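Only one structure is covered here, and it is reproduced in the block below.
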Amino acid sequence: MPDFTLSFIQKSLQWHDPVANLAEFSRYIEQISIPTDLIVLPEMFTTGFTMEAPLVAETMDGPSLAWMRKTAAAKDAVVTGSLVIRDENGSFYNRLLWVRPDGSLNYYNKRHLFTMAGEHNTYQPGTERIVEEWRGWRICPLVCYDLRFPVWSRNLASAPYDLLLYVANWPGVRRTAWTTLLRARAIENIAYTVGVNCVGVDGNGNSYTGDSALLDMRGEYLVEVGNQETSITRALRRADLESFRARFPALQDADEFNLS
């Protein structure tokens, strides 16, 4: 099976300003100089982490999705990140979009809503996890607070994955939890794991220190980003993943369970 090239962007987000954010992400993406398979953006990458959904929500035919389709086609890569989406019934979702170069897409609605910020009062929770197959790799995309819930993140025999990813607006006050849990998820699921956060201060005064990271299946850092704005591109080696899983097949001993 082929290796896989992953790109992700960590930057500050302009509060409630999709036009400015898309322009800035375009600048970073244009600077990716080698072919890549997947471009990962943070949670609510067009607005910042906001509870003012009626002010900023887009529909599934809105300008941000159109931008994602155009960017995916131009870079011949999947583009993913979450947006504030209003569905046809008027409900709001923190929705991760998985947009392919041909314009087709899938999406994942964030399951675990951050009650301490009132996210559950604004958005509807998701009910289904997705695992996407792309260029020979199986990828499970999740959103921010999902990181704290290992059962939802579990690498299941019925829906296995090779790469686990989290898009986030994870504040600096809880950075120890972010770095610790990313490492734990990589180790327990024997999968490459990436967490993509933002930096700066949002419209509510919350400070974000970044700490985006890419880890291998042992929980060892392949990339560890501090609090700077940056774009990272790295290759993931299939042979390393398969070799480690063959030598240490702990997933075959995992407990079976049902989510409800």
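Miscellaneous remarks
- Calculated SAXS-style log₁₀ I(q)/I(0) at q = 0.13, 0.16, 0.22 Å⁻¹ - the range 61-187, Debye, Cα scatterers: -0.57, -0.87, -1.39
- Dipole magnitude for the chain: computed about the Cα centre from +1 point charges on Lys and Arg Cβ and -1 point charges on Asp and Glu Cβ, it is near 300 debye.
- Charge dipole of the range 169-260 about the Cα centre (unit charges at C-beta), most positive-ward option of Ala186, Asn197, Leu241: Leu241
- The calculated pair-distance distribution of the range 111-183 uses every alpha carbon pair, bins of 10 angstrom beginning at 0, and gives 17, 48, 29, 6 percent.
- 10 °C / 1.306 mPa s Stokes-Einstein diffusion coefficient of the range 122-242, Kirkwood radius on C-alpha pairs, µm²/s: 106 µm²/s
- Translational diffusion of the range 218-260 was estimated from the Stokes-Einstein equation, with Rh taken as the Kirkwood radius over Cα pairs; at 10 °C and 1.306 mPa s the coefficient is 114 µm²/s.
- Sorting the Cα pairs of the chain by distance into bins of 10 Å, from 0 upward, gives 7, 33, 39, 18, 3, 0 percent per bin.
- Think of a 1.4 Å ball rolled over the protein heavy atoms: the range 86-190 then has 41 Å² of accessible area per residue.
- Simple Cβ-charge dipole of the range 25-85, Lys/Arg +1 and Asp/Glu -1, about Cα centre, in debye nearest 20: 160 debye
- Rule-of-thumb Rg ratio for the range 29-127 [Cα; 2.2 N^0.38 Å; N residues]: 1.10
- Largest mean-square fluctuation among Leu222, Leu165, Leu38, in a Gaussian network model of the chain whose springs join Cα atoms under 10 Å apart, belongs to Leu222.
- For the range 155-203, the Kirkwood estimate of hydrodynamic radius, built from reciprocal distances between every pair of different alpha carbons, is 12.0 Å.
- Nearest 10 degrees, 0 to 90: helix 18-30 Cα axis against the chain principal axis: 40 degrees
- Measuring nothing but alpha carbons in the range 179-260 and taking Rh as the Kirkwood radius, the Rg to Rh ratio lands at 1.08.
- Helical mean residue ellipticity (222 nm; -39500 (n - 2.57) per DSSP H run of 4+; nearest 500) of the chain: -7000 deg cm²/dmol
The values are calculated or read from the model by the stated rules, or taken from the named source; none is laboratory data. Predicted model, so just to flag it, every value in this text is computed and none were measured. Neighbour counts are summed over all protein chains in view; Cβ atoms, including those assigned to glycine, are modelled from backbone coordinates with ideal geometry. The accessibility values were calculated without ligands, DNA or RNA, using every heavy atom of the protein model including side chains. Shrake-Rupley method; radii C 1.70, N 1.55, O 1.52, S 1.80 Å.
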